[in-house]
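The block underneath contains the structure these notes are about, expressed in C-alpha cells.
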Amino acid sequence: MKAMAWSLVSAIVASALAVSVNLATDLKRSWWAWIAVVLLTAVTGLITFRLAARRSGPERSLEENAASVANTIAGDVTGKAVQAGRIDGDVNL
C-alpha cells in the first residue's frame with residue numbers, strides 16, 4: 001500500500017513539475033517559477049530514488065548469490081537451465 005501511495009505522490013509531483021515548467025518558460029523572468037521547477041525536480045528525483053531503492057533491495061555480488069544456492073543435483077537433469085551451488089560431474093545439454 002505504501003508503494004502505491006508513493007507512486008501517487010510521484011505522479012502528482014510530476015504533474016506539478018510540468019505545470020511549473022510551463023509557467024516558468026511562459027513567464028521567463030519570474031524567479032519564483034524557476035525555483036519551483038528546481039524544487040519539484042529535486043522532489044521527483046528523491047521520490048524516484050526512494051522507490052527504486054525499496055524495490056531493488058540490497059545489492060549482492062555474484063559470489064554471495066552463488067553461496068546462497070544450497071541445492072544439489074543427483075542423477076539426470078533435463079531442461080535448458082541448471083542452478084546449483086556445486087555440480088560434480090558432467091553437464092550435458
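Between residues in the stretch 32-49 that are under 14 Å from Val9 (Cβ atoms) and residues that are of a type in the set (Val, Ile, Thr), which pairs lie under 7 Å by C-beta distance while being six or more apart or on different chains?
Final answer for the pair search is Leu40/Val13; Val43/Val13; Thr44/Val13; Ile47/Val9; Ile47/Val13.
Kindly provide the set of residues from the stretch 20-29 that are over 24 Å from Leu51 (Cα atoms) and open to solvent by 50 Å² or more (accessible area, probe 1.4 Å), ordered by number.
Asn22, Leu23, Thr25, Asp26, Leu27, Lys28, Arg29
Looking at Ser10, Ser61, Ser56, which is the one that is open to solvent by less than 100 Å² (accessible area, probe 1.4 Å), hydroxyl-bearing (Ser, Thr, Tyr) and modelled with pLDDT of 65 or more?
Ser10
What about Lys2, is it of a type in the set (Lys, Arg), open to solvent by 90 Å² or more (accessible area, probe 1.4 Å), at pLDDT 70 or above and at positive phi?
Answer is no for this residue.
Test Leu17 against the stated conditions and say whether it is in a helix (DSSP H, G or I), out of contact with any Gly (no Cβ under 7 Å at 6 or more places or on another chain), at pLDDT below 95 and open to solvent by less than 40 Å² (accessible area, probe 1.4 Å).
Yes, satisfied.
The values are calculated or read from the model by the stated rules, or taken from the named source; none is laboratory data. Since the model is a prediction, treat every value here as computed from it, not as a measurement. Positions of Cβ are generated from backbone atoms using ideal geometry, with glycine treated the same way; all protein chains shown enter the neighbour counts. Accessible surface areas use protein heavy atoms only, side chains included; no ligands, DNA or RNA. Shrake-Rupley method; radii C 1.70, N 1.55, O 1.52, S 1.80 Å.
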